[in-house]
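So the structure is just underneath, and the comments pick up after that.
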Amino acid sequence: MTYKQRNRQAWYTLPMSTGGLALLLHPSNQPHTFTGLVTIGETIFIFDLILFTVITCAITYRFIRRPSLLKQSLLHPSESLFFATPFLAFACIIGGMSLYGTPHCGPWLPRAYDILFWIYFSTTFLVAATQYYLLFSSPALKMQDMTPAWDLPIFPFMLSGTLAAIGAASDPNAVTMVVAGLTAQGLGMVVSVIMYVMYVHRMIEWGFPSPNSRPAMFIAVGPPAFTSLAIIGMAKGFPPNTTFFGNDGLATANTLRLLATMVAVFIWSLAFWFFCIALLSIVAAAREVTFHLNWWAFVFPNVGFTLATIKIGSMFRSAGVSWVGSVMSVCLLGTYLFVFARCVRAVLRRDILSGGLDEDTYYSEEKPKQRRRREERRARAKAKAKAKAQEKRA
């Protein structure tokens, strides 16, 4: 196959991470800004639009040339998981449109944002339901091969909460958007918790994923991080002039902010725990890890983790936490540049976009704990045989 014919949905992890970085670097999301930061963010956002367009054209070309590949990709045990990534990339574009487009556009933009939000909300719910139906009915997937990538189908719908947090402040129907966003965020977080149970069980029973699958472990950071970010943003966007919970709308809004901040801190700790586990597993197998497109998991989930840290620091007016968020932002920018350079290098060396090296290949690998158990059984069998031989000689 040619380069054009080997494009997979996993390539959307590139514009997904680029768009996430553009959202992170917007001055409204940074506790410490400087002249020119908005220009840097706008440049990255435009680059994200270009990447999204090019990749969409390439993948569309692939399916037009061979229509049967669309069905195959949706049913493939590993490639199908990445069917959610174009929606994640599009969510970043919608959010960036609001942040970077509002100063340059008229009052039509909030209305357009509202329409896009509801289209995205309904579409991604259908995607999540359909993908999990296919996931649950696939005989190829096995529990011992489980990674946090199994959480990807619900991720786009969950990001409706983040989009609601961005758009609620300027939307005339803010309450409706916040309720929908909270619904999506709640479902996404609950499904993620269910997946976490299987994920932890998988690691206890069979050990860590293989080295090349370990970058995907950072995906587990995303749900609690983006949930913390979203509930704070939605609470801040809740209009203070509403009377749903009494006549004092301002008191209601302040109470919601307090509750949202406390819950955000509670959930943020889970994101930090998964971040540490993923980081330690990567460091332990650093020499064995080769580049795959799942390296972009180093960036996108940690965008939510960084933004959640910044928002928590802002709610508590903590200068220390705000500086931690700024340092995390700089580190994440460096991580993006590093992964992007490795991605270009891998393409030039044909380490990806080549037969058997992309996300259309499903690996059912031997796990370390399985190997150790087999070796222990062999050792016990040898010990028994040796003991019997000694008894016979005696």
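The values are calculated or read from the model by the stated rules, or taken from the named source; none is laboratory data. Fair warning: this is a prediction, and the values are worked out from it, not measured in the lab. FYI the Cβ positions are ideal-geometry reconstructions off the backbone, even for glycines, and counts take in every protein chain you see.
So is Gly161 modelled with pLDDT of 90 or more, surrounded by 20 or more Cβ atoms within 10 Å (Cβ to Cβ) and within 22 Å of Leu88 (Cα to Cα) or not? Spell out the reasoning first.
Values: modelled with pLDDT of 90 or more: yes; surrounded by 20 or more Cβ atoms within 10 Å (Cβ to Cβ): yes; within 22 Å of Leu88 (Cα to Cα): yes.
For Gly161, the condition - modelled with pLDDT of 90 or more, surrounded by 20 or more Cβ atoms within 10 Å (Cβ to Cβ) and within 22 Å of Leu88 (Cα to Cα) - is met.
Here are some residues: Thr242, Thr255. Which one is assigned to a helix (DSSP H, G or I), polar (S, T, N, Q) and either over 20 Å from Met315 (Cβ atoms) or modelled with pLDDT under 95 (or both)? Break it down stepwise before answering.
Numbers: Thr242 fails: assigned to a helix (DSSP H, G or I).
Testing whether each residue is assigned to a helix (DSSP H, G or I), polar (S, T, N, Q) and either over 20 Å from Met315 (Cβ atoms) or modelled with pLDDT under 95 (or both) leaves just Thr255.
Looking at the stretch 71-93, which of its residues are over 15 Å from Thr13 (Cα atoms) and either surrounded by 14 or more Cβ atoms within 10 Å (Cβ to Cβ) or among the hydroxyl-bearing types (Ser, Thr, Tyr) (or both)? If you could, list the steps in order and put the result at the bottom.
At the first step, the residues of the stretch 71-93 found to be over 15 Å from Thr13 (Cα atoms) are 71-77.
Matches in the stretch 71-93: Ser73, Leu74, His76, Pro77.
Give me a count of the residues in the stretch 262-288 that are touching a helix residue (DSSP H, G or I) at 6+ places or on another chain (Cβ under 6 Å) and surrounded by fewer than 11 Cβ atoms within 10 Å (Cβ to Cβ).
1
For residues in the stretch 274-329 being within 21 Å of Ala346 (Cα to Cα) and not in a helix (DSSP H, G or I), which is nearest to the chain's Cα centre (by Cα)? Even if it seems obvious, please write down each step before you answer.
Let us first name the residues in the stretch 274-329 that are within 21 Å of Ala346 (Cα to Cα), namely 282-283, 285-300.
From the residues that got through so far, the ones that are not in a helix (DSSP H, G or I) too are 285, 289-292, 299.
On the way: Ala285: 22, Val289: 20, Thr290: 20, Phe291: 18, His292: 16, Val299: 9 Å.
Ranking the qualifying residues of the stretch 274-329, first place goes to Val299.
Checking the conditions here, which among Ser269, Ser213, Ser228 is farther than 22 Å from Ala165 by Cα, in a helix (DSSP H, G or I) and of a type in the set (S, T, N, Q)? Working first, answer last.
On the way: Ser269 fails: farther than 22 Å from Ala165 by Cα; Ser228 fails: farther than 22 Å from Ala165 by Cα.
When all the criteria are applied, what remains is Ser213.
Quick one: which of Ile94, Ile64, Ile115, Ile59 is β-branched (Val, Ile, Thr), free of Cβ contacts under 8 Å to residues at least 60 places away in the same chain and within 30 Å of Ser28 (Cα to Cα)? Full working, then the answer.
Working: Ile94 fails: free of Cβ contacts under 8 Å to residues at least 60 places away in the same chain; Ile64 fails: within 30 Å of Ser28 (Cα to Cα); Ile59 fails: within 30 Å of Ser28 (Cα to Cα).
Of Ile94, Ile64, Ile115, Ile59, the one residue that is β-branched (Val, Ile, Thr), free of Cβ contacts under 8 Å to residues at least 60 places away in the same chain and within 30 Å of Ser28 (Cα to Cα) is Ile115.
Tell me whether the stretch 94-115 contains one or more residues that are modelled with pLDDT of 85 or more, over 30 Å from Ser322 (Cα atoms), out of contact with any strand residue (DSSP E or B) (no Cβ under 8 Å at 6 or more places or on another chain) and of a type in the set (Gly, Ala, Ser).
The answer is yes, given that some residue of the stretch 94-115 is modelled with pLDDT of 85 or more, over 30 Å from Ser322 (Cα atoms), out of contact with any strand residue (DSSP E or B) (no Cβ under 8 Å at 6 or more places or on another chain) and of a type in the set (Gly, Ala, Ser).
So is Gly41 under 30 Å from Gly320 (Cβ atoms), in contact (Cβ under 8 Å) with a residue 24 or more places away in the chain, surrounded by 14 or more Cβ atoms within 10 Å (Cβ to Cβ) and touching a Pro at 6+ places or on another chain (Cβ under 9 Å) or not? First the steps, then the outcome.
Numbers: under 30 Å from Gly320 (Cβ atoms): yes; in contact (Cβ under 8 Å) with a residue 24 or more places away in the chain: yes; surrounded by 14 or more Cβ atoms within 10 Å (Cβ to Cβ): yes; touching a Pro at 6+ places or on another chain (Cβ under 9 Å): yes.
Answer is yes for this residue.
May I ask you to verify whether Met177 is in a helix (DSSP H, G or I), buried (at least 22 other Cβ atoms within 10 Å of the Cβ) and not acidic (Asp, Glu)?
Yes: the conditions hold for Met177.
Looking only at the stretch 260-273, which residues are free of Cβ contacts under 8 Å to residues at least 60 places away in the same chain and either under 15 Å from the mean Cα position of the chain (by Cα) or within 27 Å of Phe238 (Cβ to Cβ) (or both)?
Filtering the stretch 260-273 for residues free of Cβ contacts under 8 Å to residues at least 60 places away in the same chain gives 260-266, 268-273.
Matches in the stretch 260-273: Ala260, Thr261, Met262, Val263, Ala264, Val265, Phe266, Trp268, Ser269, Leu270, Ala271, Phe272.
Whether any residue in the stretch 297-315 is surrounded by fewer than 18 Cβ atoms within 10 Å (Cβ to Cβ), at pLDDT 95 or above, more than 18 Å from Gly96 (Cβ to Cβ) and aromatic (Phe, Trp, Tyr) is what I want to check.
Scanning the stretch 297-315 turns up no residue that is surrounded by fewer than 18 Cβ atoms within 10 Å (Cβ to Cβ), at pLDDT 95 or above, more than 18 Å from Gly96 (Cβ to Cβ) and aromatic (Phe, Trp, Tyr).
Go through (1) surrounded by 14 or more Cβ atoms within 10 Å (Cβ to Cβ); (2) over 20 Å from Cys331 (Cα atoms) and name the single condition Leu24 misses.
(2)
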